[in-house]
Each structure stands twice: as C-alpha cells, then as structure tokens.
Amino acid sequence: MKRLISVIAIFAIVLTLAAGCGKSKKPPVIGISQYGEHASLDNCREGFVQGLKDAGLVENEDFVIEYQNAGFDDATATQIAQNFSANNVALMCAIATPAATACFAAAEDKDIPVIFTAITDPVQAKLDKGNITGTSDKLPVDAQLELIRKLQPEAKTIGILYTTSEPNSVSAIGEYQEKGPEYGFTIEGLGVTQQSEVTLAADTLIAKGVDCLSNLTDNNVVGVLPSILEKTNEAGIPVYGSEVEQVKIGCVAAAGIDYFELGRQTGKMVAKILRGEATAAEMPYETISEFNYYINSAALAEMGIDVPAEIAEKAIESGNQ
Amino acid sequence: MLELRNIVKIYNPGTITEMCIFQGFNLTVADGDFLAIVGSNGSGKTSLLNIICGSISVEGGEVLINGENITKMKEFKRYEKIGRVYQNPAMGSCPNLTLLENMSLADNKGKAFGLRKCINKARKDYYREQLSILGLGLEDKLEVKMGALSGGQRQAVALIMSTLTPIDFLILDEHTAALDPKTAEIIMELTDKVIKEKKLTAIMVTHNLRYAVDYGNRLIMMDKGQIVLEKAGAEKEATTVNDVLHIFTEISIECGN
Amino acid sequence: MNNFLDLLVGTVTQGLIYALLSYGVYITYRILDFPDLTVDGSFPLGAAVTAVLLTNGLDPYLTLPVAMLVGAAAGLITGLIHVKLGVRDLLAGIITMTGLFSINLQIAGSNMAIDRATDTIFTAAPTMALFGGMSLIYRKLIVSLILAIVFKLILDIYFNTKSGLLLRAVGDNSVLVTTLAKDKGSVKILGLVIANTLVALSGAVVCHEQRAFSSTMGTGQVVFGLATVIIGTTLFKNLGFVKGTTAVMVGSILYKACIQAAISLGLPANLLKLVTAVLFLVILVIGNRQKSGVNSNA
C-alpha cells in the first residue's frame, strides 16, 4: 500500500509541476503537435515558426512555442492534445491528420482554435468546420503530369504505389487516374496495406513494364524510397517525387509543394489570429497552389533524361552535387 | 466393468524412434476391483492409464466400459465416469483458487457450468464433511488458496475432489510417488478408506511394491507391454513383498538395469 | 490548479477508456494464460464498426453493443483457429490480427472521421439530460467512468459464476478441467470471445471520443494491455481484497499518467517508448521476483 501511495504521489507532483510551468508563461503559448519526426513535417514546422516571424511577431515576446511530437502514435497524440488543452494554450498547431484529429477533439471543450497543416483533404478528415483552419498540401497533380510528359515524351504508363488506408493517397490516386489520359498516360496504381509490402509491389510494377514511377506523399512508400530507388535504378526506370525531400534522396524530379512554404503560410494565418484580426472559425482553410520544380541532375543523367530549357530555368537543383 | 481388447499402441509410428509398446494387450477389470499395477519404467503402466482415459490414442483394439465401446470417445467425455489422481499433487487442483472453489469445481463435474453462482452455500457443509474424512483439519481451511497447502494436503484434496461425484473408475497414477514416506503412507491409507467407503472400482499404478501387495484385491506386474505376473483374491492375499520383488529383480536384470 | 485538474481529468478519462481493453488482456493473459495478439486487430475493429455506424446515423449508444458483438466474433475466430485447427496461441492471434487489418479497412473504406454535428455517447441527448451541466471533459470522464465500472462489476460477478470459475480454472490448471469432463478448448474460446468483446468496446469508445478511426490505431495495444495488467497486478499483489479488475483499471490509469508525465516534462516522443519499455521491464522484474506459488499447468 505504501508503494502505491508513493507512486500516486509522484505522479501528482509531476503533473502539478507540469501544469504549473504552463501557467507561469506570460506570452500566448502555441502548442505544436507534430504526428512524428519526418523531413517534410519538420520543414513544415520550421516554416511555421518562420511565418510567425515574417508577420512581425517575436518569439518569447509575442508568442511561446511548446513543441511535442507523438512518434506516429495516435494515443500519444491524444494525450499531447489533452496536455495543451489543460495548459490552456492560446492555440494548437497540428501537423498531419492524426495530430489534427486529436487536437480538434481535445480543443472542443474550451473552444481553443486549432490550426492544421500538411493535411491533404481537410473535408474528408472532417476538419473543415468549427474553430479550426489551416493549410492543405494537395498535390499539384496537373503540374506533375505535365513535368513527366515533358521529360519523357514517349512514356505511356506511370506506376504509382500507395497505401490503401491513407485517404490522402486514395484521393490522389483518383485524381491521377482521372487526369492521366489528358496527358496521354495510363496510370498503373498498386495499393499496399503496410510498409513491408511496398518493395514487393515495386517489383510488380517494374515487371509490368511501367515507363516511370511517380510518388505521392504516402508515408509508407516514402519511408522505403531508398530501396525502391535501388530496384528502379537497376531496371532503368525513373522515379518522380512529390516534394523536395524525395528528390534529395534520388528521385529524378518533382513538381512539388514546398513544405517550408506551406508551414510559413500557416504561420501567417496564425499571426492574424494572435493579433485578433481574424478567428480560426471564420477563416477558410487554404490550399497552397504554388509549386516548384525540383530536379536531381545526377539522377536524370543516369536515366539519360534531358531537361528541356523551359523546365531547367525554373527548376531548383536538389540533388547532392 | 472395464475391458481392453487387443490394444495396439505404437509411439512415433513411421519414424526412426518408432516404438511398439502394446501388441494385442488384453485386460479386464471387474466392478469393485482394486487393481494394483507394478512394473519397471517403460513397461507401459502409465501408457495403459492414458489409453483408458483417452489421453493418448491407440493404433488398434478397443476400450470398453460396461460393454460400451469408448475407443473413439474424447478424453474429456470419458472423465464423466472416471476420476484421476496424478503423481504431481499440483495437477489435481487449481493453485490460485481457494479450497472451497476447488471443491465447487469438483462438485460440478460433468454438469453445465452456467451463470449461477459458483459457490453454493448449502453445499458447504457437505464439502466440510467430505474433507473431514481426511482427518487433516482441512474442513476449516475452505478459504485458503490451494497453492498455500502442502503437497500431501493437496494430494489428499485431489483424492476427495476426484471422488466427490459418482464415478465408475478411480485412476491412481503413482499418486504417492511425489510425497515423503510418512505422507505417502497417510495418503495411501486414505485412498483405501475412500475406495472402500464409496465402493469404487480402482486402478492404481505404483512403484511401491509394498502398497501393491498390501492394498487391493488384484495385482499385476507389467514388462515390455505384457502382463508377466497376475495374482488375485486369496492368491494375492498370500503373496508377499519378497515374492514380487524376486520377479521384479529378475526382469530388471534381463533388461540390464 | 485548474490546469492540473484538467490534466488529471483528461488523463484519467484515457485510462478508464483503455481500461476496458486492459480487462480483455487481463482475461486472456492473466486468467487464461493465453498471449492473445488479436487485440491489435480487434481494437481498431471496434472503432471501424463504430465510425461507420455513427456516420450512417445509428443511435450512438447502440454502436457499443454492435462493436462488442463484432469483437466477440474476432475472439471466436482466434479461438477456433487455435483450438480446432491446432495453431499455436501466439500464431492464432497473429493470423486473426493480420486478417483484421484488411477487414477493418474493408469496413471503414479508409481512415474515417466523424464530424462534430454527429452525436456521440458523450453528446447524445440522454447523456446531456443527465450530465448536460458539465463541461465536455467532465462528461467524457463520467461516461468513461460509468463504462469502466459497469464492466468491471459485470466481470467481477461473472468470475464468481460457475462459468467464470471454470474460466479461471482453465488458466490455472487445464488438466483439471479435462478431468472435470469439460472441454478446455471450448473454455478457452469462451475466454477469447469475452476478452475481445471488451477490447472492441474500448476501440469503439475511443472512436466516440476522438471522432475518428485510423487503421493503425491498434498498433501496440497488446503491449499497452500487458503493461497495464502487470503494473496493476504487481502493485496490488499484497492486497488480497483488491480485485484483479480494479488493479488493472488503476494500472491503465497509471500508465496513461506516466505518458502524460513524460509529455509534461517535455521528453521527446522518440524517447517516450524507451521510457515506457524500461518502466515495463522494471515492473515485470519486480513482479517476477515476488511471484509465488507454482505454475504447474502443462
């Protein structure tokens, strides 16, 4: 019984301390809940802080950041959000869908504004109504198809790997299939249920003789991108990325949104809310429309692909020189 | 009545370790018999019990109880008519349940375990009365967890539990072997008392030749899956430990033990 | 103080909701001595079914029994695979869990969210009639507390029925169950059914609380369940009057409090799992040291 009491006492002390810390801070606290550590999501967060600064706010004077990441665990994301709510943060910034879902649920009681980013389809995720807004990272599918057409004028089929449980991926694959024919492509989509199946599925697509692969922002697929690239390089099939980080790893090119930009745009929205110029409830979520061309010259050269001048001059070299 | 007809039992058939233990084994145990079985290790004593209870299958032959062929009957079904006490005292009861709960389990043997309360207060006195047969004072320890009792006490309870409901046969599988000599003596006496009081048919496997000679009305000695000695009735009464020991030693020398 | 209270309420609520899952793991791991990995699949199963039913306008309270029924089916499948097909316990659970991953996605289509206009058990009219005066987090606490206590009491009563006694016996000494002329396989199946019913219920309540189902929400739930069972039963080992279900409920709350403490202290999430693993190990070792009695069942 003694042991039990001491355990409970320790928890009580820790929780009290934690709660006390939250209270003593003067400037409004922004709780950032990031679903997990991941290059694009990290870029997003850094961009977010930059966006706040760009709007003229000074960290630790006008706002304080409290950053937590859930290590890709839904239950942890729930507890992080509850922690923010209990500490009465001024607003919660959620990076990726599961983090946003958890924040939105925890914020309901106190009506704390939630600002999300890196969510492809806020409507499907039911994060479009209420004291919530943010930025969406919908893939620029048209631009990507156009890019592939220009780099590979003869290509007929594009293979795409995606996780069937990720709504973002499912909606993106739908768009690809709808728009592919406009650019003269057949889309060979192949769904997987988990990461371990991805490389096997890549083999299947290669065996089917696709002319290239194009990626979505599918966590399972992107997670094993290096091993996919190993196979495709051997087969001489170019892989197109969906954002800069994938091009850095070895994809030939991408028409992708810049997650740092996405974060920055989100930061600007938050600045408006902190200044009282707008509320999350009345601001509609924004979809970033600008995209950049990223190229990896080394990878392109290996595949024997020439970059037309119109692309080359706009593109950002992202490969390791 | 229990009958074993032409039993064939082969362990690991078709493999390099194939071993035929019974090749047309026959045995009949009449109602009211108290049969003691002795024999060296590997002579087939425990296999025999396992065949009767259905714990292992046979390659040939039939097992009959009161004329009914039960060769294909599942093990748990056979125990509706059979009680069994194992060598390991822990096997006869649940260590994490109380004595009372264990008695209730045994009391419900063969019946449906439904959603009625597991402890029927009205039966408590009956359990006490049954436990008092043992003379170990266990009737006052109903709320004690079984695991807290000594091996001897647990084996005594196992004996009572296995005979609490009406059964046709009581199987005793070296049930005194894991106990110290004094406790073994007590348990053996209790066994005899219970068998007589409840008028049970019993089959006892034992390594203790004296128990085999002193208790029961029939004695068989087994070797390599065959009965090499059988004494019953008056003939058994006249048999001494030395007689049995003599034959036993002969067999053992043959085997090179 | 307000902060602390809110934090406490939120943490206890999580502990209570997940306690339902822990009850299930308590039955399989502690009582049946069966390491049931079905949990990682039946937990999201409960949520998937709930998400679909809520979206289709079923009464929120009715989603709970439906989710439980579906969870029971999952337990039944693991039981049949193990008992009738003779597949080892661990593998039987893995097979069902793997299959359920696909089935969950078939049921829900993909990850699903439920919008705020849809009533949940925390916002539906009967709940509001009783607890409408409270703020949402207290309502969540009360409803979770009611569920956790009601099912705890039902289990406590069940364990003292003949059927419950046989269930406890099969994990304690399965040989004895056979000599009682009972098929131990059927008893194991029954235990798995009850356990996964509770696990699916827990998943369903999480879905109500988070307004979402995600296909990966089951990952690691077995480990969570085992940890809470061991934390709970180890802490209360010497207090005979505390029921196993109560111990497990407290274990679940303590586990969630641990995570919350780590978050509050600003521990990086990547370390969070390590801290949990170490905590788990320490408690396990203490538990083993103190383990008394012989586990004699074959």
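Nothing in this text is a laboratory measurement; each read-out follows from the coordinates by a stated rule. It should be emphasised that the depicted structure is a prediction, and the values quoted were computed from it without experimental measurement. Cβ placement follows ideal geometry from the backbone for every residue including glycine, while neighbour counts extend to all protein chains displayed.
Summary table below
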quantity: Candidates A:173, A:160, A:95 - the one that is among the β-branched types (Val, Ile, Thr), within 13 Å of another protein chain (Cβ to nearest Cβ), crowded, with 21+ Cβ neighbours inside 10 Å and out of contact with any Cys (no Cβ under 8 Å at 6 or more places or on another chain); calculated: A:173
quantity: Residue list for segment B:104-122, filter: over 19 Å from residue C:174 (Cβ atoms), surrounded by 14 or more Cβ atoms within 10 Å (Cβ to Cβ) and aliphatic (A, V, I, L, M); calculated: B:119
quantity: Any hit, segment C:194-212, residues being in a helix (DSSP H, G or I), within 18 Å of the chain's Cα centre (by Cα), under 30 Å from residue C:87 (Cα atoms) and within 14 Å of chain B (Cβ to nearest Cβ); calculated: yes
quantity: Filter pass, residue C:11 being closer than 20 Å to residue C:140 by Cα and touching a Leu at 6+ places or on another chain (Cβ under 7 Å); calculated: no
quantity: Sole residue being within 14 Å of chain C (Cβ to nearest Cβ) and of a type outside the set (Val, Ile, Thr), chosen from B:69, B:96, B:12; calculated: B:96
quantity: Scope segment A:54-82; condition small (Gly, Ala, Ser) and over 17 Å from residue A:101 (Cα atoms); matching residues; calculated: A:55, A:56
quantity: Helices (runs of 4 or more DSSP H) completely within segment B:1-109 that count 3 or more residues being touching a residue at least 24 places away in the same chain (Cβ under 8 Å); calculated: B:45-53, B:99-107
quantity: Meets criteria (out of contact with any Cys (no Cβ under 8 Å at 6 or more places or on another chain), in a helix (DSSP H, G or I) and more than 7 Å from every other protein chain (Cβ to nearest Cβ)) for residue C:276; calculated: no
quantity: Any hit, segment C:8-27, residues being without any contact (Cβ under 8 Å) to a residue 40 or more places away in the chain, within 12 Å of another protein chain (Cβ to nearest Cβ) and of a type in the set (A, V, I, L, M, F, W, C); calculated: yes
quantity: Among (1) more than 28 Å from residue C:166 (Cα to Cα); (2) in contact with a Leu (Cβ under 8 Å, 6 or more places away or on another chain); (3) among the β-branched types (Val, Ile, Thr) - the single one residue C:70 does not satisfy; calculated: (1)
quantity: Inter-residue pairs, beta-carbon under 8 Å, first surrounded by 24 or more Cβ atoms within 10 Å (Cβ to Cβ) and in segment C:216-239, second acidic (Asp, Glu), 6+ apart; calculated: C:217/A:74; C:218/C:40; C:221/C:40; C:222/C:36; C:222/C:40
quantity: Single match in A:305, A:228, A:273, A:288 (criterion: touching a residue at least 60 places away in the same chain (Cβ under 8 Å) and out of contact with any helix residue (DSSP H, G or I) (no Cβ under 9 Å at 6 or more places or on another chain)); calculated: A:273
quantity: Candidate set from segment A:52-76 (those that are assigned to a strand (DSSP E or B) and among the acidic types (Asp, Glu)); member that is nearest to the other protein chains (Cβ to nearest Cβ); calculated: A:66
quantity: Candidate set from segment B:130-177 (those that are β-branched (Val, Ile, Thr) and in contact with a Gly (Cβ under 6 Å, 6 or more places away or on another chain)); member that is nearest to residue B:191 (Cα to Cα); calculated: B:163
quantity: Failed item in (1) at negative phi; (2) touching a Phe, Trp or Tyr at 6+ places or on another chain (Cβ under 9 Å), with residue C:211 passing the rest; calculated: (1)
quantity: Qualifying residue in segment C:219-227 (condition: assigned to a loop (DSSP other than H, G, I, E, B) and closer than 30 Å to residue A:108 by Cβ); calculated: yes
quantity: Of the criteria (1) in contact (Cβ under 8 Å) with a residue 60 or more places away in the chain; (2) surrounded by fewer than 19 Cβ atoms within 10 Å (Cβ to Cβ), which one residue C:142 fails; calculated: (1)
quantity: Helices (runs of 4 or more DSSP H) wholly inside segment C:1-92 that include at least 1 residues being among the acidic types (Asp, Glu); calculated: C:2-25, C:39-55
quantity: All positions within segment A:105-118 that are in contact (Cβ under 8 Å) with a residue 40 or more places away in the chain and among the aliphatic types (A, V, I, L, M); calculated: A:114, A:115, A:118
quantity: Flag if residue A:134 is surrounded by 24 or more Cβ atoms within 10 Å (Cβ to Cβ), touching a residue at least 40 places away in the same chain (Cβ under 8 Å), away from every other protein chain (no Cβ under 14 Å) and closer than 15 Å to residue A:188 by Cβ; calculated: no
quantity: Subset of segment B:212-234 [surrounded by 21 or more Cβ atoms within 10 Å (Cβ to Cβ), within 16 Å of the chain's Cα centre (by Cα) and not hydrophobic (A, V, I, L, M, F, W, C)]; calculated: B:216
quantity: Residue identified as crowded, with 24+ Cβ neighbours inside 10 Å and more than 14 Å from chain C (Cβ to nearest Cβ) among A:116, A:84, A:104, A:48; calculated: A:48
quantity: Any hit, segment C:108-125, residues being in a helix (DSSP H, G or I) and either touching a His at 6+ places or on another chain (Cβ under 7 Å) or free of Cβ contacts under 8 Å to residues at least 12 places away in the same chain (or both); calculated: yes
quantity: Filtered residues of segment B:99-154 (kept if under 23 Å from the mean Cα position of the chain (by Cα), facing chain C (nearest Cβ under 10 Å) and of a type in the set (Val, Ile, Thr)); calculated: none
quantity: Within segment C:139-157, considering residues that are over 13 Å from residue C:19 (Cβ atoms) and not hydrophobic (A, V, I, L, M, F, W, C), the one farthest from the other protein chains (Cβ to nearest Cβ); calculated: C:156
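Quick grid of which residues meet (1) out of contact with any strand residue (DSSP E or B) (no Cβ under 8 Å at 6 or more places or on another chain); (2) within 30 Å of residue C:12 (Cβ to Cβ); (3) within 14 Å of chain A (Cβ to nearest Cβ); (4) basic (Lys, Arg):
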position: C:69; (1), (2), (3), (4): yes, yes, no, no
position: C:72; (1), (2), (3), (4): yes, yes, no, no
position: C:75; (1), (2), (3), (4): yes, yes, no, no
position: C:92; (1), (2), (3), (4): yes, no, no, no
position: C:110; (1), (2), (3), (4): yes, no, yes, no
position: C:114; (1), (2), (3), (4): no, yes, yes, no
position: C:125; (1), (2), (3), (4): yes, yes, no, no
position: C:134; (1), (2), (3), (4): yes, yes, yes, no
position: C:137; (1), (2), (3), (4): yes, yes, yes, no
